[in-house]
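Submitted below is the structure of interest, expressed as structure tokens.
None of the figures in this text is laboratory data; all of them are computed from the coordinates on show. The shown structure was predicted, so the numbers you read here are calculated from the model rather than taken from an experiment. Here the Cβ positions follow ideal geometry from the backbone for every residue, glycine too, while neighbour counts run over all protein chains shown.
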Amino acid sequence: MRSFSFLAAAIAFATAVSCTGGASVSGVLEGASGGTVVLRELSGGSDTVKVSPSGAYKAHLKIEEPEFVYITRDGRQIASLLLFKGDRVKVSSDTLGRDLSIVGSEESLKLAGIEKDYADFSRAFSSAGEVAEKSKIYIDYYRSRVSYVLNNPKSLTSVQVLFQRTPVGTMPVFNQLTDALLFSTVADSLSTVYPSSRYVVSLRKEAELRKNRLDLDSRLRNATLQSFPEIELADNAGVQRKLSEVDGKVVMLYFWTATAGQNMFNTASLLPLYDKYHPRGFEIYAVSLDTDKTEWATMVREQKLPWINVCDTRGSASTYAGIYNVTTVPYAFFILDGDIDSGASVTDEKTLRAYLAEKLGK
């Protein structure tokens, strides 16, 4: 199915499987006489087998982990299977894939049902004229897929459902940010049954990406209320400190590291300015991107830095640095009366002194 090709793109192809074990497929193509069928694994392998004059064919697939297998003839898909090691499956249909019968694989029967539902949805969605009609068809289908996944959290067929896309365009059926929770739930459930499956690994990666987008959206929504993205990290005393709770008319949000050359400011220049302007409403919220927390804490302690000092040990991978688009350190932002001051032009000690004098008085 067209929808499922997107799942294949999301999965890294596996190395060659072992020669032992596997699953067998016996099939009958009504109306066929000779020729071949191709059994294609979603992970990339394929096997071409001959069809007898009576329409019969047989194949043995060397699989160790559960595998999605698609049977095609002359480029047309006849059947989709979800096979496990040891399965002995019988398939029958005509040469167009109609009157499909599958015996010996409950998961393959589920997969056939999923594909039928998707085909019905695709036809209805594509033929609908009005936007309102399309929206209703999509919403009804989306709700039915949510119900399916919740009722089958330990079935690999749910992976296929979660990666479906609408028949027009490339929009995922599961297109809401909150769907990240559903992806994570299914990934957790499947991991208890198929921890080494490439499809579960792929789902886990997608779940993590979606969760990160959900987290970012939450921060940005919060930012629209307070005009800047929230930061919450532990200070050198182990106390969680939120940027939004910093009290000050002028707050300097300062990204730095203890090891980088502080060519914007150094502590010798910051300390007298802080001492002078702190009583007037100046505060510094210094975010260290040091991956060595001990080294950072030692420097803060030895230099007796009096402002708020927090550390994000993720370093360059810091979510906060990403949100603020910090690519080099040191880097400073200024929050004036609760709003980011986009007009602040501070690049060194001299311009910082002038900025503070302007906002807080000489």
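Would you list M171, M252 from fewest to most Cβ contacts within 10 Å? Could the numbers behind the result be given before it?
Numbers: M171 11, M252 25.
Arranged by neighbour count, lowest to highest, M171, M252 become M171, M252.
If you don't mind, there's one more thing I want to ask. For a bin width of 10 Å, list the pair-distance distribution of region 5-174 built from all Cα-Cα distances, rounded to whole %.
The calculated distribution, bin by bin, is 9, 35, 34, 18, 4, 0.
For V168 and T319, FRET efficiency with R0 = 35 Å and r from the beta-carbon atoms, rounded to 0.05?
Numbers: r = 35 Å, r/R0 = 0.99.
So the FRET efficiency works out to roughly 0.50.
Need one number: % antiparallel among DSSP beta bridges in region 227-334, to the nearest 5. Walk me through the numbers before you get to the answer.
Numbers: 8 of 19 bridges.
Rounded to the nearest five, the antiparallel share is 40 percent.
For the chain, give the magnitude of the charge dipole about the Cα centre (Cβ charges: +1 Lys/Arg, -1 Asp/Glu; no others), in debye to the nearest 20.
Values: 41 positive and 42 negative charges, 120 e Å.
Around 580 debye, computed over the chain.
In nm, to one decimal, how far is the modelled label at S227 from the one at A56, with both set 7 Å along Cα→Cβ?
Each label point is offset 7 Å from its Cα along the Cβ direction, giving 8.0 nm.
Mean shadow of the chain, computed from the convex hull of its alpha carbons, in nm²?
On the way: hull surface 97.6 nm².
The orientation-averaged projected area of the Cα hull of the chain comes to 24.4 nm².
Another one. Strictly over 26 Å apart at the Cα level, which of K134/K154; K85/K154; K249/K304; K90/K154 would you flag in this model? Before the final figure, lay out each step's value.
Values: K134/K154 31 Å; K85/K154 17 Å; K249/K304 23 Å; K90/K154 24 Å.
Long pairs (Cα-Cα over 26 Å): K134/K154.
Run the numbers for D339 and T185: contour at 0.36 nm per residue of separation, minus the present Cα-Cα distance, in nm. Don't skip to the end; give the middle numbers.
On the way: separation 154, 0.36 × 154 = 55.44 nm, distance 3.78 nm.
Net length gain for the segment: 51.7 nm.
Still on this structure: Given labels modelled 7 Å from the Cα in the Cβ direction, how far is it in nm from S196 to A268?
With each label placed 7 Å out from Cα toward Cβ, I get 6.0 nm.
On C-alpha positions alone, give me the angle between the axis of helix 198-226 and the longest principal axis of the chain, in degrees, nearest 10.
40
Extending each Cα 7 Å along its Cβ direction at R76 and R88, get the distance between those two points in nm, one decimal.
Result: 3.1 nm between the two label points.
Using a Förster radius of 51 Å, what is the FRET efficiency between T48 and D217 based on their Cβ-Cβ separation? Nearest 0.05, please.
That gives a FRET efficiency of 0.60.
Using a Gaussian network for the chain with springs between C-alpha atoms less than 10 Å apart, which of these wobbles most: T267, T178, T319?
T267
Round to the nearest 10 and give me the degree value, 0 to 90, for the angle of helix 349-360's Cα axis relative to the longest principal axis of the chain.
The helix 349-360 is inclined about 80 degrees to the chain.
If you build the Cα gyration tensor of region 232-360 and take the root of 5 times each eigenvalue, what three semi-axes come out, in whole angstrom, biggest first?
Working: eigenvalues 92, 50, 44 Å².
Semi-axes from the Cα gyration tensor: 21, 16, 15 Å.
Still on this model: If you rank S288, S24, S54 by fewest surrounding Cβ atoms within 10 Å, what's the result? Please list the in-between numbers first.
Working: S288 29, S24 15, S54 11.
Result, fewest neighbours first: S54, S24, S288.
Now a separate question. Among H278, H60, which comes first, second and so on when ranked by fewest other beta-carbon atoms within 10 Å?
Details: H278 15, H60 12.
By the 10 Å Cβ count, ascending, the order reads H60, H278.
What ranking, highest mean first, results for peptides 193-206, 129-142 when packing means the other Cβ atoms within 10 Å averaged over each residue? Please list the in-between numbers first.
On the way: 193-206: 17.6, 129-142: 13.2.
Output ranking for 193-206, 129-142: 193-206, 129-142.
Considering the dipole of the chain built from charges on the beta carbon (Lys and Arg +1, Asp and Glu -1) around the Cα centre, which of V25, F255, V287 is farthest to its positive end?
V25
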